[in-house]
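Have a look at the structure below, then the notes.
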Amino acid sequence: MTSVPALLVDEPRGEVRAVALVLHGGRSQGTGPVRARQLAVLRMRPFISSLRQAGADHGLAVARLRYAVRGWNGSAASPVADVRDALDQLAARFPGVPITLVGHSMGGRAALYAADHPSVRAVVGLAPWIEPGDPYLQLEGRRVLIVHGDHDRITSARGSTLYAENARRVAASVTYVSIRRESHAMLRRARLWHELATGWVLAVMCDVPAEETVRAESANVVEKALAGTASIVV
């Protein structure tokens, strides 16, 4: 049986002012179906919960997508089509509402690739999988936050740094945050990862000051990013 992507949406208590679409990681190759209990999917649950709790009173809807298959699969870029379809569905459901993409690893790469969708205003790449030659012109006018652990052995922090430098040529803003002593799993300083994504998304999309949604340590980083700081180490 052919697997299909799954899109779930949690709406805020009031009017929807913005949407955060959360994208999980995957594999370089693989046509097997994505299951809800797979680690790459479960890893995004704390981000979903953090965004949902902080954004419920500020008009942020939180959507989560499970791709049809687990792999990127070379030139097929399998998850990108699923992301674009999800964006079309969200745009139809919430006309005129801006969307931010929040993706980890392969999900970060898919988010960057799909950023040219007309509803997308911002992208958060968490330890994104970046390859030389990955496009960046589609980020024109978007606000971008890239966060990478300096001990990541799965995806390249150096690759993320170089990509951020290229993206600054066209994006509205790009900030690269390096998290010390952190690996690809985002577990050693998990709360910091969650709060950076949440504080930045709420500030950019819903004009909520970071100090109202996250701890002072995280709010300070978000404020620096909003002020245009290109590179931050925490």
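What translational D, rounded to a whole number of µm²/s, comes out for the chain from Stokes-Einstein when the hydrodynamic radius is the Kirkwood one over Cα pairs, at 20 °C and 1.002 mPa s? Please report the intermediate quantities before stating the final value.
Numbers: Rh = 17.2 Å.
Once the numbers are plugged in, D ends up at 125 µm²/s.
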Asserting the computed 222 nm helical MRE of the chain (DSSP H runs at least 4 long, -39500 (n - 2.57) per run, divided by residue count, to nearest 500) equals -10000 deg cm²/dmol
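Sort 30-38, 59-67 by the packing proxy (mean of other Cβ within 10 Å over each peptide's residues), most packed first. Spell out each step's value before the answer.
Details: 30-38: 13.0, 59-67: 25.0.
Sorting 30-38, 59-67 by mean packing, highest first, produces 59-67, 30-38.
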Residues whose placed amide H lies under 5 Å from that of V208, excluding near-sequence neighbours: A203
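Using the Cα centre of the stretch 6-233 as the reference point, and only Cβ charges (+1 on K/R, -1 on D/E), how large is the resulting charge dipole? Debye, rounded to the nearest 20. Don't jump to the answer; show the numbers that get you there.
Details: 28 positive and 21 negative charges, 148 e Å.
Approximately 720 debye in magnitude.
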Check: the stretch 34-136 dipole with +1 on Lys, Arg Cβ and -1 on Asp, Glu Cβ, in debye: 500
Near the amide H of V123, under 5 Å away, which other amide H atoms are found, from residues 5 or more places off or on another chain, if H is placed in the peptide plane? L101, R143, V144, L145
Taking DSSP loops as anything outside H, G, I, E and B, show the longest stretch in the chain free of GluC sites (Glu not before Pro) there with at most 13 other beta carbons within 10 Å. 16-139
Hey, what do the phi angles of the stretch 150-155 turn into as Karplus ³J(HN,Hα) couplings, whole Hz, using 6.51/-1.76/1.60 and θ = phi - 60°, x for Gly and Pro? 7, 10, 5, 10, 9, 10
Mean-square fluctuation check for the chain, GNM, Cα pairs under 10 Å: which of G26, G96, G125 is largest? G96
For the stretch 11-68, what are the per-bin percents of Cα-Cα distances with bins 10 Å wide, up to the bin holding the maximum? 23, 44, 24, 9, 0
Would you please give the FRET efficiency between T31 and A190, computed as 1/(1 + (r/R0)^6) with r the Cβ-Cβ distance and R0 = 25 Å, to the nearest 0.05? 0.20
Antiparallel DSSP beta bridges within the stretch 6-233, percent to nearest 5: 15
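What are the equivalent ellipsoid semi-axes of the stretch 91-154, built from the alpha-carbon gyration tensor (square roots of five times its eigenvalues), in whole angstrom, biggest first?
23, 12, 9
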Return, for the Cα atoms of the stretch 1-108, the radius of gyration and Dmax in Å, separated by a comma. 13.8, 41
In order over the stretch 58-67: 3J(HN,Hα) from phi, Karplus 6.51/-1.76/1.60, θ = phi - 60°, whole Hz, x for each Gly or Pro, gives 10, x, 9, 8, 10, 10, 9, 10, 9, 5
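FYI, it's all coordinate maths here, none of it is from the lab. Just so you know, these numbers come straight off a predicted model, no measurement behind them. Glycine gets a Cβ as well: all are built from the backbone with ideal geometry, and neighbour counts include every protein chain shown.
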